[in-house]
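This report concerns only the one structure given below.
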């Protein structure tokens with residue numbers, strides 16, 4: 001019993017020595033947590049080449065800035081199609097609500113699309129041609145490292 005308690009104290013001391021520098025670094029970095037409640041996200045028109053009707057909210061970071069970790073939310077109305085495109089950065093997408101149909105390839109082919117439901121995730125490497133479509137009102141979160149870019153494949 002005493003040995004277990006002593007081992008626990010040593011482990012606790014080690015954890016404190018690891019945690020204290022991490023907390024101190026966070027306090028001295030000047031960075032504050034970013035908290036965005038879903039109902040308070042500020043959506044505006046998504047930039048071209050997203051289709052008309054798509055809206056976007058920047059949750060954190062600056063998608064246009066090189067090296068900036070960013071998180072954005074996209075709202076897509078039912079039936080919104082995003083044609084074949086590529087991104088300059090890896091696109092990490094989590095479905096928040098609705099259904100996002102995603103396919104990989106150089107031509108829009110509904111038969112090749114996979115239905116992603118809330119909680120599902122996909123990571124698409126930079127330069128990979130892909131396409132998407134919303135089934136129902138769909139909200140997705142996209143995380144990446146800027147600069148974010150989207151190029152339609154013709």
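No lab work stands behind these numbers, since they all come straight from the coordinates. Just so it is clear, the structure is predicted and the values come from calculations on it, not from any experiment. With ideal geometry, Cβ positions are generated from the backbone for all residues, glycine too; neighbour counts draw on all protein chains shown.
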Order of 113, 150 - criterion: other Cβ atoms within 10 Å of each residue's Cβ, fewest first | 150, 113
Residue order, fewest to most beta carbons within 10 Å, for 100, 76, 152, 59 = 152, 59, 76, 100
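Relative to the present Cα-Cα distance, how much length would full extension add between residue 123 and residue 64 at 0.36 nm per residue of separation?
Using 0.36 nm per residue and subtracting the Cα-Cα distance, I get 19.3 nm.
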Dimensionless Rg over Rh [segment 28-112; C-alpha; Kirkwood] | 0.99
Relative contact order of segment 38-152: what whole-number percent is it, with Cα pairs under 8 angstrom and at least 6 residues apart?
-> 35 percent
Extending each Cα 7 Å along its Cβ direction at residue 43 and residue 78, get the distance between those two points in nm, one decimal.
-> 1.5 nm
In which sequence would 81, 75 go, from the one with the fewest C-beta neighbours within 10 Å to the one with the most?
-> 81, 75
Efficiency by 1/(1 + (r/R0)^6): what FRET value for residue 151 and residue 34, r their Cβ-Cβ distance, R0 = 30 Å, to the nearest 0.05?
-> 0.60
